[in-house]
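Engineer: Mind having a look at this structure? Questions to follow.
None of the figures in this text is laboratory data; all of them are computed from the coordinates on show. Just so it is clear, the structure is predicted and the values come from calculations on it, not from any experiment. All Cβ positions, even for glycine, are placed from backbone atoms using ideal geometry, and neighbour counts span all protein chains on display.
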Amino acid sequence: MDILFIADPLERFKIYKDSTYAMMAEAAKRGHTLFACEPQHLAWVNGQVEADVRRFTIVGDTADLHRETWFDASADSRALTGFDAVVMRKDPPFDMEYVTSTWLLEIAERAGAKIFNKPQSIRDHSEKLAIGEFPQFVAPTLVTRSAARLRKFHEEHQDVILKPLDGMGGMGVFRVKADGMNLGSIIEMLSHDGARSVMAQKFIPEIKAGDKRILLIGGEPVPYSLARIPQGNEVRGNLAAGGLGVAQPLTARDMEIAKALGPTLAARGLLLVGLDAIGDWLTEVNVTSPTCFREIMEQTGFDVAAMFIDALERAAA
């Protein structure tokens, strides 16, 4: 297959931990031809969506995940319908340019391109708000612009987490304990004085054991999660915020959540989903560029990348 990955620049990949690289390496091992571009390289031209892409090969000792030179690329340009599969892996921010990318990808999809995850489903599933469809798995949560509602939520639950709806990697996440220290300032900053919605969630003490990433591939759960454990005085477990990643078998509750959501999300064209859970509670549904492949693979021996490429091959057939 010819596979196009829409992602961040190849030069910025940290291949020792990058899930997209793990996908690429597995695809290359199977003989698939690899291409890459960024969203700004998409264009609607003469009624079709095409892209300025780079055809590339993986070079060097593939066992060396710290090598500086890992690919060799040459320029190319073609319509998206000319690829057997297009994998959308661009990291947020989820801004209007991101939305525009999904619109362009939808035009290509209507012309016959096979795109994963499905552009409409990426756009329709807010990674924070998507949990609202599954309230049976969600701890007390509020989304609002209203400072009064946020203050009342804090008064009721005493210990809460506040975060923006468009953040990633733990950016903009605050914990406010019973004393309410800096609550007003945090609300003003996150809501831009009431112009933007904020998510508040009751603090879940089990965060000490980690913010678990549960991967769904083709609707089926990877049998291990990655618990991202906060370090020191940090409340955030995100790896980007310095959390320690520890792979562990799914709990019975993890499996219950995964089995309940998996078929529904897969039916919407979401080939890869990253569920976040703390303790027994679902906190996010990540659909843009879920990660943690490499950590699970290295710590457990389970080949997440192979499971993903298996699913991609089936979906693109």
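Engineer: Among the residues of the stretch 131-171, which ones are part of a loop (DSSP other than H, G, I, E, B), out of contact with any Lys or Arg (no Cβ under 6 Å at 6 or more places or on another chain) and surrounded by fewer than 17 Cβ atoms within 10 Å (Cβ to Cβ)?
Structural biologist: Across the stretch 131-171, the qualifying residues are F134, V138, R145, S146, Q158, G169, M171.
Engineer: Right, G218: touching a residue at least 60 places away in the same chain (Cβ under 8 Å) and surrounded by fewer than 21 Cβ atoms within 10 Å (Cβ to Cβ) or not? It would help to see each step written out before you state the result.
Structural biologist: Working: touching a residue at least 60 places away in the same chain (Cβ under 8 Å): yes; surrounded by fewer than 21 Cβ atoms within 10 Å (Cβ to Cβ): yes.
Considered against the rule, which asks whether it is touching a residue at least 60 places away in the same chain (Cβ under 8 Å) and surrounded by fewer than 21 Cβ atoms within 10 Å (Cβ to Cβ), G218 comes out as yes.
Engineer: Here is a follow-up. Collect the residues in the stretch 4-51 that are within 24 Å of P93 (Cα to Cα) and assigned to a strand (DSSP E or B), keeping them in residue-number order.
Structural biologist: Taking the stretch 4-51 and keeping what is within 24 Å of P93 (Cα to Cα), we get 4-24, 35-44, 49-51.
Those that are within 24 Å of P93 (Cα to Cα) and assigned to a strand (DSSP E or B): L4, F5, I6, F35, A36, C37, L42, A43, W44, V49, E50, A51.
Engineer: I've got another one for you. When the residues of the stretch 41-79 are narrowed to those that are aliphatic (A, V, I, L, M) and within 25 Å of the chain's Cα centre (by Cα), which ends up surrounded by the most Cβ atoms within 10 Å (Cβ to Cβ)? Break it down stepwise before answering.
Structural biologist: If we filter the stretch 41-79 for residues that are aliphatic (A, V, I, L, M), which is where we start, we get 42-43, 45, 49, 51, 53, 58-59, 63, 65, 73, 75, 79.
Still in the running and within 25 Å of the chain's Cα centre (by Cα): 42-43, 49, 51, 53, 58, 65.
Details: L42: 22, A43: 13, V49: 22, A51: 27, V53: 25, I58: 16, L65: 17.
Per the stated criteria, the residue is A51.
Engineer: With the requirement that a residue be of a type in the set (K, R) and either in contact with a Ser or Thr (Cβ under 7 Å, 6 or more places away or on another chain) or at positive phi (or both), what does the stretch 165-220 give you? Working first, answer last.
Structural biologist: Keep residues of the stretch 165-220 that are of a type in the set (K, R), which gives 175, 177, 196, 202, 208, 212-213.
Those that are of a type in the set (K, R) and either in contact with a Ser or Thr (Cβ under 7 Å, 6 or more places away or on another chain) or at positive phi (or both): K212, R213.
Engineer: Provide a single number: the residues in the stretch 262-287 that are more than 14 Å from the chain's Cα centre (by Cα) and farther than 23 Å from A85 by Cα.
Structural biologist: 5
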